[in-house]
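Okay, structure first, notes after.
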Amino acid sequence: MNWLELIGWTGSAVLVWSLLQTRILRLRAVNLLGCLILIGYNVAIQVWPMVGLNVVLAVINVWYLRRMLATRHDEATYQVVEVGVDDQFLAHTLQVHAAEIARFNPGFALRSEGERSAFVVMKSDEVVGVVLSHAEPGGVAQVDLDYVTRRFRDFTPGEFVFRRSRLFTDRGFRRVVSPPGMVAPYYHRLGFRRQGDAYVLDLPATV
């Protein structure tokens, strides 16, 4: 096998690997990489139909990537729906994703006492994430769960709950605290400050 064939096999392997990705952003990015490698390979061996095919696929991937990146912080694309903590749809969502929730939020247990809030982040009719919290003394909203479904793991949909601070300030909260011990937290990108093994967001005072 010469070096040119190796490039061709590498491009094919990357393309196949992309189809195994469960995260939609990563799938598009890896698929684009595979297409670019195969474009170079097929140009080198002058197989023009395959060049054309991979050029078209690359353009499609670029279009989707630009669209996803442009709307990842768009409140018109992602909606926050408040639900009851005893809502059956919420219970079903937590059950379906129980294994993943345990992986990224070790120690999570649904609380049954005190003042609790539940928010589901949606994209159209698809569940993107779930945020659960309960009230602590001193105007603190303690987040119990901030979970993102696998397809949207490369995004930060929980931000739509925290950016809409009135969801908390209207309830008298002055501070939001992230779940302790959360795996791969992203709160430093949302204006939270590190405090011990958690992150804290000080909310604006209500007028």
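Hull volume per residue, based on the alpha-carbon atoms of region 164-207 and their convex hull, is 76 Å³. Projecting the Cα atoms of 53, 79, 129 onto the dipole axis of region 51-155, where Lys and Arg carry +1 and Asp and Glu carry -1 at the beta carbon, places 53 farthest toward the positive end.
The dipole here belongs to region 135-207: it is taken about the Cα centre, uses +1 on the Cβ of Lys and Arg and -1 on the Cβ of Asp and Glu, and is about 220 debye. Among the protein heavy atoms of the chain, carbon and sulfur supply 59% of the accessible surface, probe 1.4 Å, non-protein parts ignored. Highest mobility in the GNM of the chain, judged by mean-square fluctuation with C-alpha springs under 10 Å and restricted to 16, 81, 47, is found for 47. The distance separating the Cα centre of region 121-182 from that of region 7-42 comes to 34 Å. Remark: region 44-104 carries 67 Å² of accessible area per residue (probe radius 1.4 Å; ligands, DNA and RNA excluded). Using a probe of 1.4 angstrom and keeping all protein chains present, the accessible surface of region 132-196 works out to 44 square angstrom per residue. The listed peptides 146-152, 199-205, ordered by packing as a protection proxy, come out as 146-152, 199-205 (highest mean of other Cβ atoms within 10 Å first).
Charge dipole (Cα centre; +1 on Lys/Arg Cβ, -1 on Asp/Glu Cβ; no other charges) of the chain amounts to roughly 540 debye.
With a Förster radius of 30 Å applied to the C-beta separation of residue 183 and residue 163, the computed FRET efficiency comes to 0.85. Subtracting the Cα-Cα distance of residue 88 and residue 53 from 0.36 nm times their residue separation leaves 8.0 nm of extension gain. Per the Cα gyration tensor, the chain maps to an equivalent ellipsoid with semi-axes of 43, 17, 15 Å, ordered largest to smallest.
The values are calculated or read from the model by the stated rules, or taken from the named source; none is laboratory data. Note that the coordinates shown come from a computational prediction; the quantities given were computed from them, not determined experimentally. Quick reminder, even Gly has a Cβ in these numbers, built from the backbone with ideal geometry, and neighbours come from all protein chains shown. SASA here: full protein model, heavy atoms, side chains in, ligands and nucleic acids out. Shrake-Rupley method; radii C 1.70, N 1.55, O 1.52, S 1.80 Å.
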